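Chemist: Handing you a structure now.
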Amino acid sequence: MASAVATVVDRASHIDRASALRWTRDNGVYAALVLIIVYNVIFTPRFVTPENLNVQLVLVTRVIVVALGMALVIGTAGIDLSVGAVMALSGAILVQVSGLTGIAAIAVALGVGALVGLMNGFLVGYVGIQPIVATLAFLFAGRSLAQLMLSGKNPSIRDSTILGVSSGSVLGVKGSIIAAAVVVALAVFIVRRTSFGRQLLAVGDNARASYLSGVPVRRTLIGVYILSGLFAAWAGVMDTASITSANALSSGLNYELFAITAVVVGGTPLTGGRVRVMGTVAAAILMQLLRSTLIFHSATDAVSQMVTAVVIVGAVYIQRTKARA
């Protein structure tokens, strides 16, 4: 009798632990975001001001756009290390085609990003190269190409349409926030409302089974990497418009790491099969507020990086625990 009671207690404890982990995985990023906002409201002077909130959102918009493309790729159990280089290249392209109208120049820059995504998708889907290897090549080649195009200079952008992507506003909302919101809405629509979204999740869950059941695995992979390149190029346009010049060295630097961090902390598993769009957005904002909070309270950059590392390890641990459950 005592043994049976102990078994029931152990099983109940296991269920409670599994439920807690599942809740933490699904909602932990939102809870952490609320906590850091409450902390700043109480302890950070002038945190709740329109100017500060606007600045915080503007700073995180490019990370959100790149991270959403990365989330789609990770949803297929892949990864895209070329996104930062694509940002730098799209900025360089904007300068090279400055003779065109602003909209045409942006279209060319986005087209180059999509072309890079097409090449990455072809290498992964048709040639069979591991995603981390296929995209690592353009991580170096893309930024080098941007440097060659700019010849070590940082030429200014004067076109009002391009600059309006960042400096423009609608009803007081900055253009970069609106630009990021459009990408968020597009990502939500793709994942939740399209057959392509269901196919990419199926590929990430089990590519072999998806192929046998008729899912166009190769086309899906190419489509996902094109979207990632397109989103990264759009972030590059936003970055160039924000600093009003193209910079091959600093534009998009380390953004592949920022994006992967936002995706992981946001709850999208690195093993694929699931994409949490709003979790990625919340995680990107959380990481931005975390850095700003530490800086405001006089923490050193080393401390800021250590705290970020702890958050990443915690998120990965939760995913690992779920995978073993």
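The values are calculated or read from the model by the stated rules, or taken from the named source; none is laboratory data. As the structure is a computational prediction, the values presented were derived from the model and not from experiment. Please note: Cβ atoms are built from the backbone with ideal geometry, for glycine as well, and neighbour counts cover all protein chains shown. Just the protein is used for accessible areas: all its heavy atoms, side chains included, with ligands, DNA and RNA removed. Shrake-Rupley method; radii C 1.70, N 1.55, O 1.52, S 1.80 Å.
Chemist: Hey, LEU270 hits all of (1) part of a loop (DSSP other than H, G, I, E, B); (2) among the hydrophobic types (A, V, I, L, M, F, W, C); (3) in contact with a Gly (Cβ under 9 Å, 6 or more places away or on another chain) but one; which does it fall short on?
Modeler: It fails just one condition, (3).
Chemist: If I filter the stretch 24-47 down to residues being in contact (Cβ under 8 Å) with a residue 40 or more places away in the chain and β-branched (Val, Ile, Thr), which single residue comes out as farthest from TYR317 (Cα to Cα)?
Modeler: The qualifying residue farthest from TYR317 (Cα to Cα) is THR44.
Chemist: Same structure, new question: Can you confirm whether GLY111 is open to solvent by less than 60 Å² (accessible area, probe 1.4 Å) and touching a strand residue (DSSP E or B) at 6+ places or on another chain (Cβ under 8 Å)?
Modeler: Details: open to solvent by less than 60 Å² (accessible area, probe 1.4 Å): yes; touching a strand residue (DSSP E or B) at 6+ places or on another chain (Cβ under 8 Å): no.
No.
Chemist: Only one of PHE196, PHE258, PHE231 is open to solvent by less than 20 Å² (accessible area, probe 1.4 Å) and part of a helix (DSSP H, G or I). Can you tell me which? If you could, list the steps in order and put the result at the bottom.
Modeler: On the way: PHE196 fails: open to solvent by less than 20 Å² (accessible area, probe 1.4 Å); PHE258 fails: open to solvent by less than 20 Å² (accessible area, probe 1.4 Å).
The conditions single out PHE231.
Chemist: Is there a residue being among the small types (Gly, Ala, Ser) and open to solvent by less than 20 Å² (accessible area, probe 1.4 Å) anywhere in the stretch 284-302? Reasoning before the result, please.
Modeler: Taking the stretch 284-302 first, the residues among the small types (Gly, Ala, Ser) are 284, 292, 298-299, 302.
Checking the rest, the ones that are also open to solvent by less than 20 Å² (accessible area, probe 1.4 Å) come to 284.
There is at least one residue in the stretch 284-302 that is among the small types (Gly, Ala, Ser) and open to solvent by less than 20 Å² (accessible area, probe 1.4 Å).
Chemist: Looking only at residues in the stretch 176-193 that are free of Cβ contacts under 8 Å to residues at least 40 places away in the same chain and among the small types (Gly, Ala, Ser), which one is surrounded by the fewest Cβ atoms within 10 Å (Cβ to Cβ)?
Modeler: ALA185
Chemist: Let me ask something else about it. Could you figure out which of (1) surrounded by fewer than 21 Cβ atoms within 10 Å (Cβ to Cβ); (2) of a type outside the set (Asp, Glu); (3) at pLDDT below 95 isn't true of ILE162?
Modeler: ILE162 satisfies all of (1) surrounded by fewer than 21 Cβ atoms within 10 Å (Cβ to Cβ); (2) of a type outside the set (Asp, Glu); (3) at pLDDT below 95 except (1).
Chemist: Among the residues of the stretch 74-108, which ones are open to solvent by 40 Å² or more (accessible area, probe 1.4 Å) and under 19 Å from PRO131 (Cβ atoms)?
Modeler: Of the stretch 74-108, the ones open to solvent by 40 Å² or more (accessible area, probe 1.4 Å) are 77, 96, 98-101, 103, 107-108.
The answer is ALA77, and nothing else.
Chemist: Okay, moving on. Among the listed residues MET119, MET149, which satisfies the condition of being within 30 Å of VAL203 (Cα to Cα), more than 19 Å from the chain's Cα centre (by Cα) and surrounded by fewer than 20 Cβ atoms within 10 Å (Cβ to Cβ)? Reasoning before the result, please.
Modeler: On the way: MET149 fails: within 30 Å of VAL203 (Cα to Cα).
So the residue among MET119, MET149 that is within 30 Å of VAL203 (Cα to Cα), more than 19 Å from the chain's Cα centre (by Cα) and surrounded by fewer than 20 Cβ atoms within 10 Å (Cβ to Cβ) is MET119.
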